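What follows is a single structure, written as C-alpha cells, with notes after it.
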Amino acid sequence: MSGLDVLTVNSFNPQIKLHHIYVMNTILRNIFALIAGVILGSVLNMSFIVAGSKVFPLSESFEPMNAMNWDLKFFIFPFLAHALGTLAGAFIAAKFALTYKKTFALIVGAFFLIGGTMMVFMLPAPIWFVVLDLAVAYIPMGWLGWRISR
C-alpha cells in the first residue's frame, strides 16, 4: 500500500474525522478564549480609569500625561485598572480555554504587561509606581486569574 492509498483509506475513517473536528474546535475555542480575555480585560481596565476620574475629579491644572506630580490618590484607580483588568482577562481566558488554561491566562498577563511597559515610556511616573505596577499588576494577576478559574 502506498502513502497515497493510506491517506485515501484513512480520510474516510469516521474516528479520524471526529478527532480532526475535536482538534479544530479546541483550537478555535482557545483562540476565542484568548481574544475574549484580552477584550473583556481591556473594557474593565478602561472602566476603572473612567471611574477613577469620577471618584477623584481632575482640576483644571491637572496634567494627566505627567504622573510625576500626582497626589497619591490619583494612582489608586490606574493600579486597580491594570491589576483587575488583567485578573479578569486571565480568568476569562483560563475559564473558556479547553487546553493550556494556565498558558492562556499568562499570555493575557503578558499582553497587558506589554501595554503597561509601553505606558511607562509614554507617561512619566514615580519609580515606586512603575515598579509596583509592572511587578504586581500583570504576570502575578494572570497567574491568579488562572488559579481562581480552577
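Summary table
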| quantity | calculated |
| --- | --- |
| Dipole axis of the range 3-149 (+1 Lys, Arg; -1 Asp, Glu on Cβ), positive-most option in VAL38, ILE127, LEU58 | VAL38 |
| Reach of LYS95 by Cα under 17 Å, taken over lysines that are not fewer than 8 positions away in the same chain | none |
| Magnitude of the charge dipole, the chain, Cβ model with Lys/Arg +1 and Asp/Glu -1, debye to 20 | 620 |
| The range 58-99 and the range 113-150: distance between their alpha carbon centers, rounded to Å | 9 |
| Kirkwood Rh, angstrom, the chain [1 / mean 1/r, Cα pairs] | 17.4 |
| Positive dipole terminus of the chain, leading residue within TRP143, ILE21, ALA88 (C-beta point charges) | ILE21 |
| 23 Å Cα-Cα reach of LYS73 towards lysines, excluding residues that sit fewer than 8 places from it in its own chain | LYS54 |
| Separation of the ILE148 and LEU134 label points, Cα + 7 Å toward Cβ, nm | 2.5 |
| Kyte-Doolittle mean at least 0.0 and Cα axial length at least 20 Å: DSSP H helices in the chain | 14-55, 76-96, 101-122 |
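Where a number appears in this text, it was derived from the coordinates with a stated rule and is not lab data. Everything numeric in this text was worked out from a predicted model, so none of it was measured. Neighbour counts run over all protein chains shown; Cβ positions are idealised from the backbone, glycine included.
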